[in-house]
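The structure under discussion appears below in the form of structure tokens.
The values are calculated or read from the model by the stated rules, or taken from the named source; none is laboratory data. Worth saying up front: this structure is predicted, and the values here are computed from it rather than measured. Glycine also receives a Cβ, built like all others from the backbone with ideal geometry; neighbour counts cover every protein chain displayed. To get the accessible areas, we keep the full protein, side chains included, count just its heavy atoms, and leave off ligands, DNA and RNA. Shrake-Rupley method; radii C 1.70, N 1.55, O 1.52, S 1.80 Å.
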Amino acid sequence: AWYVPCLASLETLQELCRKENLTCKSIGITNRNLKSYEVEYLCDYKVEEGKAYYLVKWKGWPESSNTWEPRKHLNCPLLLQNFLRDKNEYLSRVREGKALKVRNRVKALKPAIADYIVKKAKQRIALQRWKEELNRKKNHRAMILVENTVDLEGPPLDFYYINEYKPAPGINVLNGITTGCECADCPAEKCCPKEAGFILAYNKRKKLKIQPGLPIYECNSYCRCGPDCPNRIVQKGTPYSLCIFRTNNGRGWGVKTLQKIKTNSFVMEYVGEVITSEEAERRGQLYDNQGNTYLFDLDYDSDEFTVDAARYGNVSHFVNHSCDPNLQVFNVFIDNLDLRLPRIALFSTRTIKAGEELTFDYQMKGSIDLTSDSAEGLSPSKKRIRTVCKCGAMCCRGYLN
């Protein structure tokens, strides 16, 4: 037997059930709550005979079931607060951002204001669902938040959250490693990095101590050491709560940290589809016209493969470029020692304050001096159409490529 996932949301299915007077336990519609009413959001406002009324969208009911309710019937202070804030926000934007005193004697809202309030309510619900989805799919403890106080943009329609590389058919991102170190104390003995001919990448405080361009070899699933081994950092996932937020200068979505990050700390991995360079060339021509920069060459040792985070990725998909970044890229090897297929990790280059946006240089030049030949393989695929840079850094090069 086979099946395809339902593309309708839970709320849409609930609306259909209530409209047709049907029960369905699997989506939470039972005889007991088939006729229950809960405010989902407020759509409009009017005053009749001196009494204030709000147009209510009921959760799990179609919009045709919306009703006007007096203020005293509404026990939803947060939704009322959102309604008033959205109304004031719209009016302020109409007046070119000037503070506007809203009169309470308004008899009815203009259709454009009501339309904006409904769109903001739907956006708020969509972003909340997206946040819940991201946190269900992530494989680390830290939280992912979502925030848009800039426009009406909702979650990306064609983006799927993954925690590790998604290889294209015929590409093996695990080379079948069957041995690991026998260390009882990894930093003191001949551990995985030494076996590969490099030094341990982390100090006793689990902070990066190697220079850009050098690879990181972490202990793998066959190593004798346990999960508390100081040489297991990237594989544990991001330890910081992050927020995907809408930027206010035309750069789309961005990512900011909600916690202070110390210098040389691991922040996140860059993941996506692993494709051949030939396929990357084909996709690159399509992405050029969209101004996207999601192709990341894996040419630490050769130029056979590329990571494409356009449709599949994690939080790093939303990290913006800066000519003066606070993140630096490193190649990491854990359960795969194939030099053609390193994992890509982003580490902090300085102390990053809570609330600060996270960025890395898409060309890996400028503020970070990469001196080794292998370091040149860390830059994303070069684009054919020049994309204007909006990073705002003092040393901005003017273009992303």
Under the condition of being part of a strand (DSSP E or B) and among the charged types (D, E, K, R), which residue from the stretch 291-323 is modelled with the lowest pLDDT? Asp297
Given (1) out of contact with any Lys or Arg (no Cβ under 9 Å at 6 or more places or on another chain); (2) surrounded by 14 or more Cβ atoms within 10 Å (Cβ to Cβ), index of the condition Tyr165 fails: (1)
Quick check on my filter: what residues within the stretch 249-280 are outside any strand (DSSP E or B), in contact (Cβ under 8 Å) with a residue 12 or more places away in the chain and open to solvent by 30 Å² or more (accessible area, probe 1.4 Å)? Asn249, Gly250, Arg251, Leu258, Gln259, Lys260, Lys262, Thr263, Asn264, Ser277, Glu279
With part of a helix (DSSP H, G or I), under 30 Å from Gly237 (Cβ atoms) and touching a strand residue (DSSP E or B) at 6+ places or on another chain (Cβ under 8 Å) as the only criterion, which of Ile117, Ile171, Ile125 stands out? Ile125
Any idea which of Glu15, Glu48 is open to solvent by 50 Å² or more (accessible area, probe 1.4 Å), under 30 Å from Leu84 (Cβ atoms) and of a type in the set (Asp, Glu)? Glu48
Cβ-Cβ under 8 Å pairs, at least 6 apart or on other chains, the stretch 48-74 side free of Cβ contacts under 8 Å to residues at least 12 places away in the same chain, far side surrounded by 15 or more Cβ atoms within 10 Å (Cβ to Cβ) and part of a loop (DSSP other than H, G, I, E, B): none
Residues within the stretch 218-240 that are surrounded by 15 or more Cβ atoms within 10 Å (Cβ to Cβ) and farther than 17 Å from Ala184 by Cα, tallied: 7
Out of all the residues in the stretch 59-77, which are open to solvent by 30 Å² or more (accessible area, probe 1.4 Å) and either assigned to a strand (DSSP E or B) or small (Gly, Ala, Ser) (or both)? Ser64, Ser65, Thr67, Trp68, Glu69
Would the stretch 230-244 turn up any residue that is touching a residue at least 40 places away in the same chain (Cβ under 8 Å), over 14 Å from Leu358 (Cβ atoms), among the charged types (D, E, K, R) and touching a Ser or Thr at 6+ places or on another chain (Cβ under 9 Å)? no
Of all residues in the stretch 28-45, count the ones that are buried (at least 17 other Cβ atoms within 10 Å of the Cβ) and in the same structural domain as Lys87 (by the TED database). 7
Pick out the one residue from Pro227, Pro215 that is in contact (Cβ under 8 Å) with a residue 40 or more places away in the chain and out of contact with any His (no Cβ under 7 Å at 6 or more places or on another chain). Pro215
Just checking, does the stretch 189-196 include any residue being touching a residue at least 60 places away in the same chain (Cβ under 8 Å) and not assigned by the TED database to the domain that holds Trp58? yes
Every residue from the stretch 179-218 that is part of a loop (DSSP other than H, G, I, E, B), hydrophobic (A, V, I, L, M, F, W, C) and under 22 Å from Gln328 (Cβ atoms): Ala196, Phe198, Ile199, Leu200, Ala201, Ile210, Leu214
Does Asn163 satisfy the criteria of being modelled with pLDDT of 95 or more, assigned by the TED database to the domain that holds Thr276 and either within 18 Å of Arg343 (Cβ to Cβ) or charged (D, E, K, R) (or both)? yes
